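Since the structure comes first, as structure tokens, the remarks are kept for the end.
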Amino acid sequence: MIAPSTLTKFRRQHLKDTNLLDMLINRTVSIAVEQGIIKSRSIIVDATYSLSKSNPILAIDVLRERSKQLRKSVYAYQEDWTCKMPVKNQGNDLEKELAYCKELGTLLDGTPTLSEVPAIKEKLNLLKESVDDIEHAAQDVVSKDKDAKIGHKSQDSPFFGYKTHLAMTEERIITGAVVTSGEKGDGPILPELITQSEQHGIDVDTVIGDAAYSGKKNLELAKEKDIKIVARLNPAISQGFRKKEDEFDYNKDADMFVCPAGHLAIRKAKQGKKNVAKNQVITYYFDVEKCKSCPLKEGCYKEGAKTKSYSITLKSDIHKEQMEFETSDRFKEKYKQRYKIEAKNGELKNAHGYGRAISYGIENMQMQSALTIFTVNLKRILKLS
């Protein structure tokens with residue numbers, strides 16, 4: 001019997017520079033092509049989420065617990081310090097909690113008789129590390145899983161973990177996969193899924209997906225490659241003259257944009273009228289309280305501003321072409337195939353435990369993805385052979 005520690009060592013040392021996910025998908029797709037199983041030139045795309053193995057804790061709760069333990073150690077050594085401590089933050093403002101923890105740390109650093117006591121020093125250093133980690137993090141939660149991020153299944157249903165972006169043929173053979181943290185948008189991953197599928201031997205002429213994939217860049221890429229995008233056009237991703245194209249992503253489940261820090265817009269408003277010379281604009285509004293304490297606020301949020309918004313202009317020529325394509329028989333017929341990838345996502349989760357990560361970190365999530373997809377592809381090949 002092989003010891004688990006031996007397998008772990010092999011995985012970490014011998015597979016660390018190997019793209020196992022791409023390699024295993026390539027092998028199964030090659031088998032399917034050789035056996036004549038894959039006949040279609042369409043790929044169906046979607047993303048499925050996997051919860052992190054670690055549950056997230058609010059950053060403010062971590063700071064409060066760290067400062068509480070530090071105060072207890074101080075009082076155990078010096079009881080009369082109860083009246084010398086700075087005033088605690090009673091609200092739920094993370095920025096104020098950070099300020100309190102810094103003030104507490106500065107006070108004790110200036111008192112060597114206390115800060116050098118081993119029990120106090122250990123907890124003081126732990127508090128400082130927590131403050132530093134939270135200040136440099138792009139989200140207001142803390143977890144053992146450093147790579148996992150908050151994403152959104154819908155506007156009111158966040159999750160903490162990872163996303164796996166999939167491409168699959170109409171025969172239900174997965175031809176491409178990209179694992180990202182949970183906050184990443186679906187649309188920007190499409191070019192890589194097309195490239196992977198082509199490299200694995202699929203001559204792609206059609207991409208079938210939901211509204212997240214009908215963004216302007218994807219439509220332009222598809223036109224260059226003579227590929228049809230069978231995805232309904234949503235005004236929210238008719239990007240027109242978008243600013244910061246690579247920073248804000250559209251989340252089709254929540255029907256909102258997500259900022260670079262992973263925060264979801266809280267509301268939207270449309271401005272302008274239809275059928276007039278000036279294009280309509282949709283403005284998305286974000287939670288200013290989160291912007292105030294965001295480590296990425298420089299160049300994004302203006303200090304003191306009462307609102308933070310992001311606007312997109314509706315309609316462009318390429319979107320008008322897509323609207324016309326939506327009325328065609330080819331679009332309607334191909335769009336009926338989209339349900340297949342939702343069923344595949346269900347198989348990955350329900351039959352193979354892909355709904356939750358079994359280890360920490362995105363590299364381990366990629367390995368879990370590789371083995372799971374390899375398994376479901378082999379099962380499908382055996383069924384169709």
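FYI, it's all coordinate maths here, none of it is from the lab. Remember, predicted model here, so these are calculated numbers, not experimental data. Here the Cβ is made from the backbone with ideal geometry for all residues, glycine too, and neighbour counts use every protein chain on show.
A few comments on the model shown:
- Positive-pole candidate from Leu114, Cys101, Gly91, dipole of the range 57-142, charges at beta carbon: Leu114
- Cβ-derived FRET efficiency at R0 41 Å, Ala76 paired with Glu303, nearest 0.05: 0.50
- What the phi angles of the range 66-81 give under the Karplus curve with 6.51, -1.76 and 1.60, with θ = phi - 60°, is a coupling list of 5, 5, 5, 5, 5, 4, 4, 5, 5, 5, 5, 9, 9, 4, 6, 7 Hz, glycine and proline written as x.
- Helix-derived mean residue ellipticity, 222 nm - over the chain, DSSP H n ≥ 4, -39500 (n - 2.57), to 500: -13000 deg cm²/dmol
- Taking other Cβ atoms within 10 Å as a rough exposure proxy, Phe331, Phe325 sort from fewest to most as Phe325, Phe331.
- An ellipsoid equivalent to the range 57-142, defined through the eigenvalues of its Cα gyration tensor, has semi-axes of 22, 13, 10 Å when rounded to whole angstrom and sorted largest first.
- Shape class for the range 269-385, computed from the alpha carbon gyration tensor (a ≥ b ≥ c): oblate, with a/c not under 1.5 and a/b at or below b/c.
- Exposure proxy order (Cβ contacts within 10 Å, fewest to most) of Met23, Met256, Met365: Met23, Met256, Met365
- For the range 57-142: relative contact order, % (alpha-carbon pairs under 8 angstrom, 6 or more apart): 45
- Of Lys270/Lys334; Lys228/Lys383; Lys72/Lys102; Lys252/Lys344; Lys84/Lys128, those spanning more than 26 Å from alpha-carbon to alpha-carbon: Lys270/Lys334; Lys228/Lys383
- By the rule of a C-alpha distance below 16 Å, with chain neighbours fewer than 8 residues away ignored, the aspartates and glutamates paired with Lys153 are Asp46, Glu183, Asp186, Asp210, Asp249, Asp253, Asp255, Glu342.
- Residues Val131, Val62 arranged by fewest to most Cβ contacts within 10 Å: Val62, Val131
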